[in-house]
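The values are calculated or read from the model by the stated rules, or taken from the named source; none is laboratory data. Remember, predicted model here, so these are calculated numbers, not experimental data. Cβ sites come from the backbone with ideal geometry, for glycine too, and all protein chains shown count toward neighbours. Remember, those area values only see protein heavy atoms, side chains included, never the ligands or the DNA or RNA. Shrake-Rupley method; radii C 1.70, N 1.55, O 1.52, S 1.80 Å.
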Amino acid sequence: MILKSKLPNVGTTIFTVMSAMAKEHRAINLSQGFPNFDCPTKLKSLVAHYMKEGYNQYAPMQGVPALTKSISKKVNKFYKKKLDPSKEITITAGATQAIYCAITALIHPEDEVIVIEPAYDSYKPAIDLCGAYAIPYSLKGPDYSIDWKEFHHLFSRNTRMIIINNPHNPTGKVFSEDDMLQLQKITQGTNILVLSDEVYEHLIFEGAKHQSILKFPELYQRSISTFSFGKTFHNTGWKMGYFIAPPEITAEIRKVHQFNVFSVNTPVQHAIAEFSSDLQFFQDLPNFYQEKRDFFLNKMEKSRFQPIESSGTYFQLFDYSQISDLNDVEFSKWLLKEHKVATIPISPFRSKLVDEKVVRVCFAKTEDILKKAANKLCKV
Ligand code: PMP
Ligand code: GLN
């Protein structure tokens, strides 16, 4: 039998590769992004409660009303945006499923989708499956800012979507209000959609305010924004998230969502709805993660790794050019085997090979682990 691959260039993701190697070599795993601490006990008790109470059958396709309502309350509080929960909010199996459904519902063969690289790895395969083209815009370190004039030059008559990710994985870059206004200006009067991946909306430092696309009424009309409970509640394994979009866009994406998964975990939706009524948890997250970032950076002060400013996410980039000439993939593997710390190379986040001699670490870890890892890295 001959199998013709629809994704001939896709292999195992770098996150899976590095996490598996970390296990094999008993290294400290700062590679794949996930916390090594548990989610709130109250949230786990609420899931158990709703399971025991019999909330165990299919949820409504678009999500449990208690949860979509609680999200709309939160969105109004944080971004001053009023939403119709039944028409503009949809609960998904993590942000990944929301992104996949949005792209496959809205992108046609030959369309062009502008992707800001380095980019999270799930965008391009979804675009490829649509028979469309991912057009890369390359961010340059150490600042990773967008030159909007240059960006605008990528527009063609086939441009159908722009994907932005703010705060940005893997760089930790946070895009400003001015960035959003520039994006608004260049898309005005066009048929271009904006997919805004905001899974790290609450992981933002130094008192900065997250510039959600929900805060920009004109941009909102052409937007789909995606969010992840996994990042917010320290439970990436639950694979729960949601997307927000105006009613007409939502209706199209739901056509795919209903045949892709139909609906997602009922007791967990009820539990998150109840837990989310306390907005304090969200408000405490920036400090919680900033303390981890600063703790780790402090322990790394004497190392030869040069930190690159991280203003958001739970990732920190380090330049290792003072240490080695190896490319980033080889360097991460060497570091893992020789020094027992797993990191993520940045080049797999790009479609064209660029070796910046930079690796990413995830600091969503307890202080003992961050300290142990920093001790090892300071010896390199
Ligand atoms: N987008 C980005 C930028 C991410 O880092 C992640 C985390 N893996 C996702 C989307 C997917 O989130 P989820 O785990 O909720 O599918
Ligand atoms: N978002 C996580 C990261 O960037 C990885 C998720 C995954 O393994 N697919 O590390």
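Descriptive notes on the structure:
- Residues of the stretch 307-346 that turn out to be over 29 Å from K209 (Cβ atoms) and surrounded by 19 or more Cβ atoms within 10 Å (Cβ to Cβ), as a count: 11
- Number of positions in the stretch 35-67 that are closer than 30 Å to F363 by Cα and either under 24 Å from the mean Cα position of the chain (by Cα) or open to solvent by less than 90 Å² (accessible area, probe 1.4 Å) (or both): 13
- Being away from ligand 1 (no atom under 16 Å from the Cβ) and free of Cβ contacts under 8 Å to residues at least 24 places away in the same chain holds for only one residue in F275, F259, and it is F259.
- Checklist (1) open to solvent by 40 Å² or more (accessible area, probe 1.4 Å); (2) assigned to a helix (DSSP H, G or I) applied to F151, failing item: (1)
Each row is one residue, and each column tells you yes or no for (1) of a type outside the set (D, E, K, R); (2) within 16 Å of ligand 2 (Cβ to nearest atom); (3) out of contact with any helix residue (DSSP H, G or I) (no Cβ under 6 Å at 6 or more places or on another chain).
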| residue | (1), (2), (3) |
| --- | --- |
| A20 | yes, yes, yes |
| I28 | yes, yes, no |
| G33 | yes, yes, yes |
| S45 | yes, no, yes |
| H49 | yes, no, yes |
| Q57 | yes, no, yes |
| M61 | yes, no, no |
| A66 | yes, no, no |
| K69 | no, no, no |
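Quick grid of which residues meet (1) of a type outside the set (F, W, Y); (2) at pLDDT below 95; (3) on the phi > 0 side of the Ramachandran plot:
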{"position": "T313", "(1), (2), (3)": "yes, no, yes"}
{"position": "I323", "(1), (2), (3)": "yes, no, no"}
{"position": "F331", "(1), (2), (3)": "no, no, no"}
{"position": "V354", "(1), (2), (3)": "yes, yes, no"}
{"position": "R360", "(1), (2), (3)": "yes, no, no"}
{"position": "A364", "(1), (2), (3)": "yes, no, no"}
{"position": "D368", "(1), (2), (3)": "yes, no, no"}
{"position": "K371", "(1), (2), (3)": "yes, no, no"}
{"position": "K379", "(1), (2), (3)": "yes, no, no"}
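- Scanning the stretch 211-225 turns up no residue that is surrounded by 16 or more Cβ atoms within 10 Å (Cβ to Cβ), in contact with a His (Cβ under 6 Å, 6 or more places away or on another chain) and in a helix (DSSP H, G or I).
- Complete set of residues in the stretch 163-198 that are of a type in the set (S, T, N, Q) and assigned to a loop (DSSP other than H, G, I, E, B): N166, N169, T171, S176, Q188, T190, N191
- Of everything in the stretch 4-33 that is at pLDDT below 95, in a helix (DSSP H, G or I) and among the aliphatic types (A, V, I, L, M), the residue that is nearest to ligand 1 (Cβ to nearest atom) is I14.
- Residues being open to solvent by 10 Å² or more (accessible area, probe 1.4 Å), in contact (Cβ under 8 Å) with a residue 24 or more places away in the chain, more than 12 Å from ligand 1 (Cβ to nearest atom) and farther than 22 Å from G172 by Cα - total across the stretch 78-98: 7
- Of all residues in the stretch 104-127, those satisfying the criterion of being assigned to a loop (DSSP other than H, G, I, E, B), surrounded by fewer than 18 Cβ atoms within 10 Å (Cβ to Cβ) and within 16 Å of ligand 2 (Cβ to nearest atom) are D121, S122.
- Any hit, the stretch 353-372, residues being in contact (Cβ under 8 Å) with a residue 60 or more places away in the chain, away from ligand 1 (no atom under 16 Å from the Cβ) and part of a strand (DSSP E or B): yes
- Inspection of the stretch 204-219 identifies no residue that is more than 29 Å from K42 (Cβ to Cβ) and within 14 Å of ligand 1 (Cβ to nearest atom).
- Residue match in the stretch 172-185 (condition: closer than 22 Å to I114 by Cα, of a type outside the set (K, R) and touching a Pro at 6+ places or on another chain (Cβ under 6 Å)): yes
- The residue that is nearest to A93 (Cα to Cα), among those in the stretch 229-279 that are of a type in the set (F, W, Y) and within 16 Å of ligand 2 (Cβ to nearest atom), is W238.
- The stretch 258-306: number of residues that are touching a strand residue (DSSP E or B) at 6+ places or on another chain (Cβ under 7 Å), closer than 30 Å to V64 by Cα and either open to solvent by 40 Å² or more (accessible area, probe 1.4 Å) or in a loop (DSSP other than H, G, I, E, B) (or both): 1
- Failed criterion for E338 (all others in (1) over 25 Å from K124 (Cβ atoms); (2) in a loop (DSSP other than H, G, I, E, B); (3) not hydroxyl-bearing (S, T, Y) hold): (2)
- Of the candidates C130, C101, the single residue that is away from ligand 1 (no atom under 11 Å from the Cβ), more than 30 Å from A66 (Cα to Cα), surrounded by 18 or more Cβ atoms within 10 Å (Cβ to Cβ) and not hydroxyl-bearing (S, T, Y) is C130.
- Neighbours by Cβ (under 8 Å, 6+ apart or cross-chain): first from the stretch 23-35, within 20 Å of F288 (Cβ to Cβ); second more than 15 Å from ligand 2 (Cβ to nearest atom): L30/V341; L30/A373
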